[in-house]
Every structure is written in C-alpha cells, then in structure tokens.
Amino acid sequence: MRKEVKRLKIQQIIGSDAAVATESGDKVFQEINNFLKNGFSVELDFEGVEIMTTAFLNAAIGQLYSGDYTSEVLNSNIKIINVAEDDKILFKKVIDRAKEYFQDQKKFNNSANTAFYGS
Amino acid sequence: MRICLPISIKSDFDGYQCLIDIYNEVLDAESDTIDFSFQNTKWFEANLAAGLGAIVELIENKGKKVIISDIRPQQQDILQRNGFLQKYGYSRISHRSGTIVSYQTFKPNADNLFRDYIRNELLSKPDFPTHSRLLGKKITESIFELYENARTHGRCRQAHTCGQYYPNKNPKRLDITIVDMGNTIKTNVNEFLQQPVSGAKAIDWAVQKGNTTKTGKISGGLGLSIIFEFIELNKGKIQIVSSDGYWEYRKGETLKKDFNGIFPGTIANIEFNLDDRSSYRLKNEVSLDDIF
C-alpha cells in the first residue's frame with residue numbers, strides 16, 4: 001500500500017526565503033522525522049527559498065543519517081522538489097559528508113587527528 | 001587613556017596586528033575612558049570598523065567608555081557614512097548611492113535581520129554584479145556560510161560586520177568583514193584535537209574539507225571549504241584572524257603566520273572579485289532522485 005505523502009513547504013516552516021541557520025534546518029529535520037516515524041512519506045518543497053547554506057542542510061537533511069534511517073528508506077520516502085539547479089550540488093555535498101560523518105563518527109575523528117599530525 | 005592609531009590600517013597582516021596591539025594595550029587599562037585618537041591616521045580601511053567595533057564591545061563590557069577623537073575629514077566621512085561613528089555622537093550620513101556596506105552588529109539569532117542587511121546593503125547596490133545572477137548568489141551564499149560559522153562555532157554574543165565596495169579598482173571588488181568575539185578557532189580546534197596547535201595551524205586545519213570540531217548529531221566541515229572553493233574560482237581573497245593565528249589565501253597561495261599577542265575572537269575578511277566572468281554553471285547536472 002502506498003504511503004500518504006505530506007508536503008513540507010520549507011519557506012513556511014522556517015518563515016524566510018533564506019535557509020541559512022542551523023536552527024531552521026533543525027526545525028525542518030524535526031518535521032521530517034516526525035512524519036517518517038509516523039509512517040508517512042514526505043515531499044520537501046523548496047519553492048521560494050532563495051539562498052541556502054550547508055549549515056542549514058547539515059541540520060535539515062544530513063541529520064537524517066544520525067538515526068536509524070537507511071539510504072533505501074530515505075530514497076523511497078523523501079522527495080525533494082523545486083530546488084534551483086545550482087543548489088542541487090549542495091545537497092549532494094551535504095549528504096556525502098553526512099554519510100561519512102555518521103558512518104563511524106569515532107573512527108572519523110581519529111582519522112582527522114592522524115591526517116593533521118601525520119602519525 | 002589615549003590610544004593613537006597609526007597612519008594607516010589596512011586589511012593585511014600588519015593592519016590586524018595593529019588591532020591586536022590596540023586590544024592588548026587597553027586590556028588592563030585602569031582609566032574609565034579609552035580615547036581612540038585618529039589624529040595620525042590618514043587611511044583606515046572601512047571594513048575594519050567591524051574589528052574596531054568588536055574591540056570596543058569588549059572594552060565596554062568592562063564598564064569603560066570609548067570615545068573617538070581627532071578624526072580627519074576623509075576618515076570621518078567614510079566612518080560616518082557606514083554608521084560606525086554614530087554611537088560616538090557623530091550623525092549618520094545617507095549612503096544610498098555610495099560604495100558603503102554599513103557597519104552593523106547582529107545577535108546570534110538574528111539571521112532574518114542579517115538576510116535583510118545582505119539584501120539591502122549588497123543585492124540592491126547598483127555596483128553589485130547584475131551581469132551574473134549566479135555570481136551574486138555565490139557571493140551571498142559565501143557570506144551566509146561565514147556568518148553561520150561565526151555564529152555557531154564562536155557562540156558569540158553578537159557579530160560585527162562591515163564592508164566596502166571598490167568599484168574603481170581593477171578588478172572591481174567587494175570586501176566584507178565579519179567579526180565574532182566568541183571562542184577562537186584555536187580554542188575549538190585544540191579542544192577537539194586535544195593537542196596544542198598554533199593559531200595559524202588551527203585555522204589551516206579548520207578550512208580543510210571534512211574537518212570540523214562538531215561532534216554532535218549535526219555534521220559539519222563543509223562551510224569554510226565551500227567559501228574557499230568559491231574564492232579560488234572567483235580569484236578573490238580570504239583572510240582569517242583568530243587568536244594568534246593569521247591565515248590568508250589569494251591567487252593560489254596560502255600564507256600562515258602567527259601574531260604577537262592574541263585577538264580574542266575571529267575576524268574573517270573576504271575580498272570578492274566583482275569582475276569575475278566565470279559562469280558558475282555545473283559541468284554535470286545533479287539529480288535529486290535517489291540522492292540519499
């Protein structure tokens with residue numbers, strides 16, 4: 001059975017056309033997380049969002065990898081629409097980075113130390 | 001106590017060292033009033049008002065009063081237009097058609113006000129590059145990444161910002177400076193790595209893609225690298241001052257130096273090249289289907 005899809009208008013959730021702050025991203029994450037947990041799919045509508053930062057997207061989208069969601073679950077339950085062509089690369093960077101960050105947070109932190117000190 | 005500023009203060013290593021010297025000189029001053037005298041100062045780069053304003057904030061937090069005196073007409077005009085002198089009893093001069101990006105302070109949760117500032121002070125300016133919408137967007141994006149970085153990592157009480165257009169320079173440029181007096185990059189990086197690293201090395205670590213001092217449920221390590229990648233393409237310049245570290249990137253070269261004394265916060269100054277004709281179009285389209 002197909003799940004009911006909830007449309008989330010990002011501009012309405014954050015009350016701005018600038019999706020820039022970590023806190024705004026966290027608000028969006030909470031909404032997505034609540035719907036997914038309750039068995040809905042979501043459509044994230046970025047219409048009207050003029051500017052975005054990775055800080056916002058780390059919190060809104062990247063944070064989805066902090067829990068139990070797999071890529072398969074996220075791909076089949078989240079659709080992202082109305083994103084400016086030149087902003088799409090930010091999503092890719094944030095998602096790649098989040099996967100890396102959460103895959104093994106501890107291991108990553110250690111490897112950052114090693115990279116810096118070379119030992 | 002009277003502090004005479006030097007003949008010239010520019011956005012370079014020596015200029016920032018001068019701000020650090022000023023701060024360290026007044027740090028333990030006993031007098032209740034600090035007088036910044038501009039009598040010798042023939043050149044003060046307007047965007048550095050953000051750095052001086054941040055130092056004033058620290059002095060005032062100690063219950064002292066700051067006055068600005070003996071300012072020469074040319075410096076007075078610029079600092080009156082950008083609003084810096086307003087709190088010292090000088091009236092504000094309208095700057096609508098000018099090359100000024102005004103001096104402002106922002107509380108940490110004021111991202112909408114900061115958005116308005118960017119909209120009013122940059123995007124609506126006649127000299128802002130209209131030939132490339134994408135360049136304008138990239139500049140705005142970099143400024144927001146920088147602001148967000150200052151806000152979240154510095155955990156500052158307020159950020160001080162100021163800028164200046166140089167439409168007659170070749171290439172045309174826009175300088176924008178954001179200063180926060182919260183935790184320095186050196187403090188955050190040393191705490192994270194649990195090892196002592198010099199100020200310049202700490203900044204160098206922080207600007208590398210994937211490096212972040214965040215450890216919680218929200219990933220990081222992209223903001224500064226996004227700015228850095230853009231500045232590289234834009235052929236602009238970025239300077240970061242934090243604690244005793246100085247880090248600069250321009251024309252493919254990175255300069256890392258340590259100051260004498262510390263700056264108790266972070267100054268980030270970006271110089272954007274407004275004559276940039278790069279298209280900023282992506283070579284390969286990114287699909288959001290199955291992006292996860």
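List every residue pair whose Cβ atoms sit under 8 Å apart, with the two residues 6 or more apart in sequence or on different chains, where the first one lies in the stretch B:272-292 and is more than 7 Å from chain A (Cβ to nearest Cβ) and within 20 Å of B:E141 (Cα to Cα) and the second, anywhere, is of a type in the set (S, T, N, Q) and not in a loop (DSSP other than H, G, I, E, B).
B:F272/B:S142; B:F272/B:N234; B:N273/B:N234; B:D276/B:N234; B:S278/B:N234
In the stretch B:167-180, which residue that is touching a residue at least 24 places away in the same chain (Cβ under 8 Å) and surrounded by fewer than 24 Cβ atoms within 10 Å (Cβ to Cβ) is farthest from the other protein chains (Cβ to nearest Cβ)? If you could, list the steps in order and put the result at the bottom.
Step one: filter the stretch B:167-180 for residues touching a residue at least 24 places away in the same chain (Cβ under 8 Å), giving B:167, B:170-180.
Right, trim to surrounded by fewer than 24 Cβ atoms within 10 Å (Cβ to Cβ) and you get B:167, B:170-173, B:175.
Details: B:P167: 24, B:N170: 28, B:P171: 22, B:K172: 22, B:R173: 21, B:D175: 20 Å.
Among those residues, the one meeting the criterion is B:N170.
Looking only at the stretch A:77-94, filter to residues that are out of contact with any strand residue (DSSP E or B) (no Cβ under 6 Å at 6 or more places or on another chain) and in a loop (DSSP other than H, G, I, E, B); which one of those is modelled with the lowest pLDDT?
By that ranking, first place goes to A:A84.
Kindly evaluate A:A55 against the criterion of being under 20 Å from B:E145 (Cβ atoms), at the interface with chain B (Cβ under 9 Å from one of its Cβ atoms) and modelled with pLDDT of 95 or more.
no
For the stretch B:49-73, which positions are out of contact with any Ser or Thr (no Cβ under 6 Å at 6 or more places or on another chain), in a helix (DSSP H, G or I) and in contact (Cβ under 8 Å) with a residue 24 or more places away in the chain?
Once the filter is applied, which keeps residues that are out of contact with any Ser or Thr (no Cβ under 6 Å at 6 or more places or on another chain), in a helix (DSSP H, G or I) and in contact (Cβ under 8 Å) with a residue 24 or more places away in the chain, the stretch B:49-73 yields B:A49, B:G51, B:L52, B:G53, B:A54, B:I55, B:E57, B:L58, B:I59.
Can you name every residue in the stretch A:1-39 that is of a type in the set (S, T, Y) and in contact with a Phe, Trp or Tyr (Cβ under 9 Å, 6 or more places away or on another chain)?
Listed by number, the residues that qualify are A:T22, A:S24.
Tally the residues that are surrounded by fewer than 18 Cβ atoms within 10 Å (Cβ to Cβ), at the interface with chain B (Cβ under 8 Å from one of its Cβ atoms) and modelled with pLDDT of 80 or more, restricting the search to the stretch A:95-117.
Residues that pass the stated criteria total 2.
Can you tell me which residue among A:A19, A:A59 is crowded, with 16+ Cβ neighbours inside 10 Å and touching a residue at least 40 places away in the same chain (Cβ under 8 Å)?
Just a single option satisfies the conditions, and that option is A:A19.
For a quick check of your reading of the model, give me the residue pairs whose first member lies in the stretch B:142-166 and is closer than 18 Å to B:N47 by Cβ, whose second is hydroxyl-bearing (S, T, Y) and modelled with pLDDT under 85, with beta-carbon atoms closer than 9 Å and at least 6 apart or on different chains.
Matching pairs, first to second residue: B:Q164/B:T99; B:Y165/B:T99; B:Y166/B:T99.
If you scan the stretch B:184-203, which residues turn out to be surrounded by fewer than 21 Cβ atoms within 10 Å (Cβ to Cβ) and not polar (S, T, N, Q)?
Result: B:E191, B:F192, B:L193, B:P196, B:V197, B:K201.
Tell me, please, whether a residue that is at pLDDT 95 or above, within 26 Å of B:F114 (Cβ to Cβ) and part of a strand (DSSP E or B) can be found in the stretch B:2-12.
Looking through the stretch B:2-12, at least one residue is at pLDDT 95 or above, within 26 Å of B:F114 (Cβ to Cβ) and part of a strand (DSSP E or B).
Before we move on, is B:I238 outside any strand (DSSP E or B) and under 15 Å from the mean Cα position of the chain (by Cα)?
No.
The values are calculated or read from the model by the stated rules, or taken from the named source; none is laboratory data. From a predicted model like this one, the values you see are computed outputs, not experimental measurements. With ideal geometry, Cβ positions are generated from the backbone for all residues, glycine too; neighbour counts draw on all protein chains shown.
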